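Participant: Let me give you the structure first, and then I'll get to my questions.
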Number of protein chains: 2
Amino acid sequence: MTRGATRRKRGGGRAGAAARRGSAVIEQMPWRIPVNIDRPVEPLDGEGVQAIHEGAMRILEEIGVVFLNAEALGILREAGCSVQGDVVRMGRDFVMEMVGKAPSQFTLTPRNPDRQLPVGGNNMLFGNVSSPPNYWDMEIGKKVSGTREQCRNLLKLTQYFNCIHFAGGYPVEPVDIHASVRHLDVLYDKLTLSDKVMHAYSLGKERVEDVMEMVRIAGGLSDEEFEATPRMYTNINSTSPLKHDHPMIDGCLRLARRGQAIVVTPFTLAGAMAPVTMAGAVAQSLAEALCAIALFQYVRPGIPCVIGTFTSNVDMKSGAPAFGTPEYMRSTQMTGQMARFYGLPMRSSGVCAANVPDGQAMWETSNSLWAAVQSGTNMVYHAAGWLEGGLIASPEKFIMDCEILQHIQRYMEPSVTATTPEDIALEAISEVGNDGHFFGIQHTQDRYSTAFYQPYLSDWRNFEAWEEAGAVWTAERAHHMFKEIIGAFEAPPMDAGIREELSDFVARRKTEGGAPTDF
Amino acid sequence: MTRGATRRKRGGGRAGAAARRGSAVIEQMPWRIPVNIDRPVEPLDGEGVQAIHEGAMRILEEIGVVFLNAEALGILREAGCSVQGDVVRMGRDFVMEMVGKAPSQFTLTPRNPDRQLPVGGNNMLFGNVSSPPNYWDMEIGKKVSGTREQCRNLLKLTQYFNCIHFAGGYPVEPVDIHASVRHLDVLYDKLTLSDKVMHAYSLGKERVEDVMEMVRIAGGLSDEEFEATPRMYTNINSTSPLKHDHPMIDGCLRLARRGQAIVVTPFTLAGAMAPVTMAGAVAQSLAEALCAIALFQYVRPGIPCVIGTFTSNVDMKSGAPAFGTPEYMRSTQMTGQMARFYGLPMRSSGVCAANVPDGQAMWETSNSLWAAVQSGTNMVYHAAGWLEGGLIASPEKFIMDCEILQHIQRYMEPSVTATTPEDIALEAISEVGNDGHFFGIQHTQDRYSTAFYQPYLSDWRNFEAWEEAGAVWTAERAHHMFKEIIGAFEAPPMDAGIREELSDFVARRKTEGGAPTDF
């Protein structure tokens, strides 16, 4: 197509372990857990925090939340909650006591222990786009239903990029695989293409149990070892307003009982499934999340739970969801304050409404990713690859987003703002004086190779050099890079016996029919 | 070209005064002074602030700064500074005493007093791109030298967008006008096409005096009225490392003596004109700015001065300047801490290295604009329209950037995060219950028209509707909008007598030869 689109690796000295294994198409930053060293942005004062807390508690006490799950209703009745039909009302003392049992920090340990993730505190983790039914790339040039091959390619990007810490749901829904066995094929792909932390959809007993079993097998673990510490997680959405559906609660209970982690993320679009006011939408979101977390803590005290936010707003003219807006940023920051108030790790997202990886996509995504930073988010879902409000996955967008994730990773390095005498550099300034240049001096030579962020996708050449190289806009550069990364991809090592065991498991479960598809 | 590119106005109820005067191609936010309600991001602790301050003071005391301006050397000698040749060393007591005379807040009053700007405090003001020698738009499709027509069009955008508060330097250098009279023609264009705060280049006595005279005439002011309060400003760069050139100091002294405002912005690219370490580059930048501000305060105590930052880094592989990087963000935040330490209003910028208004342009620009927010910047230069490290002005980029500026304006509205009982909306949540929808209820109907940010350029339609409308990417949408805005532009009113006086002044000064061009 065009020349010079991909900025080639520059020797690989700073590349991570994965890159050094031969797939160093680009020079990227090493695998690292970014530690958020910024004080969070806190739009709420103490009274504001109390007002939202009071709102969430009164929703739970006075209005109640529907649990479409008989087991959960029984448990909550036993716990002393008011259960009328499927509406559960719970007192704030119970909610706060249960939520208080959840750890503020925990670890997730995937099959490669070097990829262990500390969730909570000031740690910031990024995951790939999850669950779009559709796919777009520059070669196809239109929106198409997802396939297994596209899903596999996006999983390869998930594994390839060091700035991606965990695998979310399917990076695109492979609708060419029958729904009854889709989870088996995709989990096989995920576990063989990636050694990062895995996710299970809470979409029915069989899917949840199969995924836990496959993660156990991939890790070479006994049941006891699997259950001894969180190895994986699920993420559920409530059905706003104020309802939890059967399979989500069921899946979480299954994970909780085996010691695995749970992320509860209401999807409260202000003006649609939540009040038109952001504080109201946040209060409702918190209520929906906290009642589920209270249930899981009652069942299994201390089980790791993360409180998620997906509070944005709809366009009141069209009803279309909006993402990465000022309201989205503020509600994410407000939820961050509340997550710290409740002592829970937090999840938010990298999102946009744009349909293609253009300027709008990047300002909306930048807004959402920096809001994740500002809110003290611990797990950033959909951090790479999301378009059209989550209905499209795009490999170009994935690669563009990872450049921003690397910005954040670099931004958090304390060395950038260090102020030792060597950093203030008086001697260097004196040496150069009023007429010189810093390029050639020893102070610069000692530091130049690691002094600054090195992009893999941004093109910093001047216009003429960029034009001479084909005048390639960002999205097209990302497309070329995508092709090269996929072409050079090498899967992480896996013991042959374990691979066979996984393969056998998939074959057996397919013979058994997989999961029912009638719910 | 394509259908439906521009999102038409929706009735204009929220449009500003300018829009209501008949040029309401889009529905934009009203003219407003955003007040930054966020606590700044402060990467430096108290020791870090002291270390950078100490570094800046020792640079001024021990290394010294060259002033290539005999008048300044004489003044500083008189003030007790050490002057050896053209190198000036000044003690920290003198620097701090002089800097302490500068106001922490002041106003700039243009010919339309409704456009008065409060500079300092938590106020955040945005200006257009300034001084690129080149121009790019999607129709031309290549980088070309700037012309008067392009300059006029960008000035129209400067006036049209309510989120742009002040005019910077020429939004593109009109090289089709001879340099000797360029300032006369462009200032005539600026003053007749815009009623916002004006800027003068400090590039020689004639230019500076002519611009001050034209701003005075445009405002219908006597000399006394002009000098009674700041009506305009200049912005100068030092010649890093550690040098101030003649015309910049000369221009500032001229403005200072007539009570006008001064922005001093060193351009310290770490690794080139400044140390490779960000703290060193910031310390040097501060030293360069503070010594000039000390001079101006000695000459005219209390004259409004703004401390600017343009600290970024070069790509150590190519020497190309980088913008909107993690290092840029952190150095801007650090400078913000130091500006507050010195009690001075601060200027930073909206910048990118990208050559076209694509994804890279928007993530780099987003990084820089949010860094302006995080640093507590008061004046944001180049906030709309900048490409290729400032070498290209682009109308598409201008219109794209203004969407981000509106995001910031909306983000700062306290109503977004209000937590009154009406905002928490318990009654609305109770009314909708577990099965309803908030769209139709009274709580929503009472608020829907102003509840959320309304973009003018972001396209929130789903993929199918967007595709049906021509599948137009952001930059091309912005191009169509540019054409429509220019086509519908109406200049702000100006008294016919004043216009004639301005015109006569330009004609007379052209007859006199304008400004010398041999320096």
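Every number here is computed from the coordinates shown, using simple stated rules; none is lab data. Note that the coordinates shown come from a computational prediction; the quantities given were computed from them, not determined experimentally. Cβ placement follows ideal geometry from the backbone for every residue including glycine, while neighbour counts extend to all protein chains displayed.
Participant: For the charge dipole of the protein assembly as shown, defined by +1 on Lys and Arg C-beta atoms and -1 on Asp and Glu C-beta atoms about the Cα centroid, which residue among A:His443, B:Phe67, B:Leu405 has the Cα displaced farthest towards the positive pole?
Facilitator: B:Leu405
Participant: With the cut-off at 14 Å, report for the range B:266-334 the share of all Cα pairs above it, as a whole percent.
Facilitator: On the way: 1344 of 2346 pairs.
Taking all Cα-Cα pairs of the range B:266-334, the fraction more than 14 Å apart is 57 percent.
Participant: A follow-up question, please. Residues in the range B:52-72 near a label at B:Arg92, defined as backbone nitrogen under 18 Å from the 7 Å Cα→Cβ point?
Facilitator: B:52-65
Participant: Sticking with this one: Binned at 5 Å from 0, what are the whole-percent values of the Cα-Cα distance distribution for the range A:192-276, short to long?
Facilitator: Computed distribution, short to long bins: 3, 15, 24, 20, 15, 9, 7, 5, 2, 1.
Participant: For chain A, which semi-axes, largest first and in whole Å, follow from the square roots of 5 times the eigenvalues of its Cα gyration tensor?
Facilitator: In descending order, the three semi-axes are 39, 28, 22 Å.
Participant: Given R₀ = 30 Å, FRET efficiency for A:Ile498-A:Tyr448 by Cβ-Cβ distance, to 0.05?
Facilitator: Details: r = 44 Å, r/R0 = 1.47.
That gives a FRET efficiency of 0.10.
Participant: To the nearest 10 degrees, how steep is helix B:496-511 against the longest Cα principal axis of chain B, on a 0 to 90 scale?
Facilitator: With rounding to tens, the tilt is 40 degrees.
Participant: Any idea what the dipole of the protein assembly as shown comes to, in debye rounded to 20, about its Cα centre with Lys/Arg Cβ at +1 and Asp/Glu Cβ at -1?
Facilitator: For this selection, approximately 480 debye.
Participant: Would you give the gap between the C-alpha center of the range B:256-309 and the C-alpha center of the range B:414-476, rounded to a whole Å?
Facilitator: For the range B:256-309 versus the range B:414-476, the Cα centre distance is 45 Å.
Participant: Compute the distribution of all C-alpha to C-alpha distances in the range A:224-380, in bins of 5 Å from 0, and list the percent of pairs in each, rounded to whole numbers.
Facilitator: 2, 10, 19, 20, 19, 14, 9, 5, 2, 0, 0
Participant: Considering all projection directions equally, how large on average is the shadow of the alpha-carbon convex hull of the protein assembly as shown, in square nanometres?
Facilitator: 39.5 nm²
Participant: Nearest 10 degrees is fine. How inclined is helix B:205-218 to the longest principal axis of chain B, computing both from alpha carbons?
Facilitator: It is inclined by approximately 40 degrees.
Participant: Please state, as a whole number in µm²/s, the translational diffusion coefficient that the Stokes-Einstein equation yields for the range B:305-449 at 37 °C and 0.692 mPa s, with Rh defined as the Kirkwood radius across alpha carbon pairs.
Facilitator: D, rounded to a whole number, is 187 µm²/s.
Participant: For the Cα atoms of chain A, what angle does the longest principal axis make with the long axis of helix A:182-193, in degrees from 0 to 90, nearest 10?
Facilitator: Result, in degrees: 40.
Participant: I need to check one value: relative contact order of chain A, counting alpha carbon pairs closer than 8 Å and at least 6 residues apart, in percent.
Facilitator: Details: 1086 pairs, mean separation 106.7, N = 519.
This gives 21 percent for chain A.
Participant: Ignore the peptide's own chain and count Cβ atoms of other chains within 10 Å of each Cβ in A:393-405; give me the average, rounded.
Facilitator: Working: counts 0, 0, 0, 1, 1, 0, 0, 5, 2, 0, 4, 4, 0.
The mean count of partner-chain Cβ atoms within 10 Å per residue comes to 1.
Participant: A further question follows. Strictly greater than 24 Å: what percent of every Cα pair in the range A:156-311 meets that?
Facilitator: When every Cα pair of the range A:156-311 is considered, 37 percent fall beyond 24 Å.
Participant: Okay, moving on. Quick one: with label points 7 Å out along Cα→Cβ, list the inter-copy distances for B:Pro118 in nm, shortest first?
Facilitator: Label-point separations across copies, in nm and ascending: 4.4.
Participant: Tell me the label-point distance for the pair A:Gln105, B:Lys317, using the 7 Å Cα-to-Cβ offset, in nm and rounded to one decimal.
Facilitator: 3.6 nm
Participant: Using 0.36 nm per residue of separation minus the Cα-Cα distance, give me the extension gain between B:Ala70 and B:Ser415 in nm, one decimal.
Facilitator: Gain on stretching B:Ala70 to B:Ser415: 118.8 nm.
Participant: Let me ask another. What distance in nm separates the two pseudo spin-label positions at B:Gln116 and A:Ile33, each 7 Å out from Cα along the beta-carbon direction?
Facilitator: 5.5 nm
Participant: Here's something else I'd like to know. I need the calculated FRET efficiency for the pair B:Ser82 and A:Glu464, taking r as the beta carbon distance and R₀ as 45 Å, to the nearest 0.05.
Facilitator: The pair B:Ser82/A:Glu464 has a calculated efficiency of 0.50.
Participant: If you don't mind, there's one more thing I want to ask. Per the helix-only calculation at 222 nm, which mean residue ellipticity applies to chain B, given -39500 (n - 2.57) for every DSSP H run of n ≥ 4 and division by its residues, nearest 500 deg cm²/dmol?
Facilitator: So the helix-based figure for chain B works out to -13000 deg cm²/dmol.
Participant: Where both partners of a DSSP beta bridge lie in the protein assembly as shown, what percent of those bridges are antiparallel, to the nearest 5?
Facilitator: 35 percent
Participant: When the expected Rg is taken as 2.2 N^0.38 Å, what fraction or multiple of it is the alpha-carbon Rg of the range A:418-519?
Facilitator: The value comes to 2.10.
Participant: I've got another one for you. With the convex hull built on the Cα atoms of the range B:143-188, state its orientation-averaged projected area in nm².
Facilitator: Computed as one quarter of the Cα hull surface, the answer is 3.4 nm².
Participant: OK, next. How many nanometers, to one decimal and shortest first, lie between the label point of B:Pro30 and those of its other copies, if labels sit 7 Å from Cα toward Cβ?
Facilitator: 5.5
Participant: Other chains' Cβ within 10 Å of B:431-441 residues: what's the mean?
Facilitator: Mean partner-chain Cβ count within 10 Å for B:431-441: 6.
Participant: Would you kindly work out, in nm and rounded to one decimal, the distances from the label point of A:Ala320 to those of the same position in each other copy, ordered shortest first, with label points 7 Å along Cα-to-Cβ?
Facilitator: So the label point of A:Ala320 gives 3.3 nm to the other copies.
Participant: With loop defined by DSSP as not H, G, I, E or B, and exposure as at most 13 other Cβ atoms within 10 Å, which is the longest segment of chain B clear of exposed trypsin sites (Lys or Arg not before Pro)? The partial results should precede the final answer.
Facilitator: Working: sites that count: B:Arg3, B:Arg8, B:Lys142, B:Lys317.
It works out to B:318-519.
Participant: Based on the Cα gyration tensor of the range B:31-181, what are the three equivalent ellipsoid semi-axes, each the root of five times an eigenvalue, rounded to whole Å and given largest first?
Facilitator: Listed largest to smallest, the semi-axes of the range B:31-181 are 37, 25, 17 Å.
Participant: Cα convex hull of the range A:43-120: mean projected area in nm², to one decimal?
Facilitator: 8.0 nm²
Participant: Separate question: For the range B:121-223, what is the convex hull volume of the alpha-carbon atoms per residue, in Å³? Don't skip to the end; give the middle numbers.
Facilitator: Values: hull volume 12.5 nm³, N = 103.
Here the figure is 122 Å³ per residue.
Participant: State, to one decimal in nm, how far the label point of B:Phe439 lies from the label point of B:Glu484, with both points 7 Å from Cα in the Cβ direction.
Facilitator: 2.5 nm
Participant: Across 10 Å bins from the origin, how do the percents of Cα pairs in the range B:77-152 run, short distances first?
Facilitator: Result, from short to long distances: 13, 22, 18, 28, 16, 3 percent.
Participant: A further question on this structure: How compact is the range A:308-393 by the rule of thumb for globular proteins, expressed as Cα Rg over 2.2 N^0.38 Å?
Facilitator: Rg over 2.2 N^0.38 Å, computed on Cα atoms: 1.04.
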